[in-house]
Amino acid sequence: MPAILRIDVDRAYENRILHYARVNQELFPALDSRGYLESCKEVVSDLNSRGLKASIFFQPFTVPNKEFAEELMKKGHSVGLHAVHTKDFKDFSGDLTKISKRFEGNVYGFTKHGSGKFQLSRRHDPNYDPNKFIQYAKQSNLKYFLGNEENPDENEKNVDGILHFPSAFWLNRNYREDKFTIDWLAEESVSRTIVVLIHPEDVVGGTELMVREYERILDTVEFIAIDAVI
């Protein structure tokens, strides 16, 4: 069965000062002329040239401009929220509304920024509670939540009508055991759907190993956008 290529867009700018001002301090505007979402656009352009569909998740401060949003929808990519402000449903709902509005209501699920270990920006809620997030999805009439756990042996679940993938196959080896190799992924994805998780900066400016494994994954695994699964 096809896998799901999940792309979490954390980085607004490659320039660290501009990125910090935009994402951490929530101050700097989104300027294409200064390289806004440059690494994301590069990865998407490469996927488009290969005819591959991804599922791409944006923070409220990495939301694409109108033209890029339209391109993503036109090319058949799935889009969703990469949730940052999740302390309560009101905060979550505000972020979801911003992303959904940019994509003309074509948002059916979300991912969570961070796995409960670190506060990654000024107002980021680091707490990671899948049960709460599934309820957020249900309250918002969404259809899925993709989790951040690190055991891709876990199968997806349907919880209260919400499709939940608890774990992903992380491109970054810091978040997967050595036994979860590219060969394992290729073989396992023949019989069931697995989420493969990358960040654009893993591919653009990542280590040689990550780039090499990314290329192998694209060459050996079939992908489908999650909207086609739900």
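The values are calculated or read from the model by the stated rules, or taken from the named source; none is laboratory data. A quick note: this is a predicted structure, and the numbers were derived from the prediction, not measured. Because the Cβ atoms are built from the backbone with ideal geometry, glycine has one as well, and the counts that use them run over all protein chains shown.
Per-structure values
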| quantity | calculated |
| --- | --- |
| Identity of the residue in segment 80-138, of a type in the set (A, V, I, L, M, F, W, C) and part of a helix (DSSP H, G or I), that ends up farthest from the chain's Cα centre (by Cα) | F89 |
| Helices (runs of 4 or more DSSP H) completely within segment 181-230 that count 2 or more residues being hydrophobic (A, V, I, L, M, F, W, C) | 182-188, 208-220, 226-229 |
| Residues that are assigned to a helix (DSSP H, G or I), over 20 Å from the mean Cα position of the chain (by Cα) and more than 20 Å from G205 (Cα to Cα), drawn from segment 14-32 | A21 |
| Filter pass, K143 being basic (K, R) and within 21 Å of S55 (Cα to Cα) | yes |
| Complete set of residues in segment 139-167 that are in a strand (DSSP E or B) and over 18 Å from the mean Cα position of the chain (by Cα) | K157, N158, V159 |
| Failed condition for Q139, given (1) in contact with a helix residue (DSSP H, G or I) (Cβ under 7 Å, 6 or more places away or on another chain); (2) under 24 Å from V63 (Cα atoms); (3) at pLDDT below 95; (4) exposed (fewer than 13 other Cβ atoms within 10 Å of the Cβ) | (3) |
| Verdict on L27 being modelled with pLDDT under 95 and surrounded by fewer than 14 Cβ atoms within 10 Å (Cβ to Cβ) | yes |
| Output for segment 177-230, where each listed residue is over 18 Å from the mean Cα position of the chain (by Cα), of a type in the set (S, T, Y) and buried (at least 18 other Cβ atoms within 10 Å of the Cβ) | S189 |
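Residue-wise test of (1) acidic (D, E); (2) without any contact (Cβ under 8 Å) to a residue 40 or more places away in the chain.
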site: A137; (1), (2): no, yes
site: F165; (1), (2): no, no
site: D178; (1), (2): yes, yes
site: P200; (1), (2): no, no
site: E213; (1), (2): yes, no
site: L218; (1), (2): no, no
site: I226; (1), (2): no, no
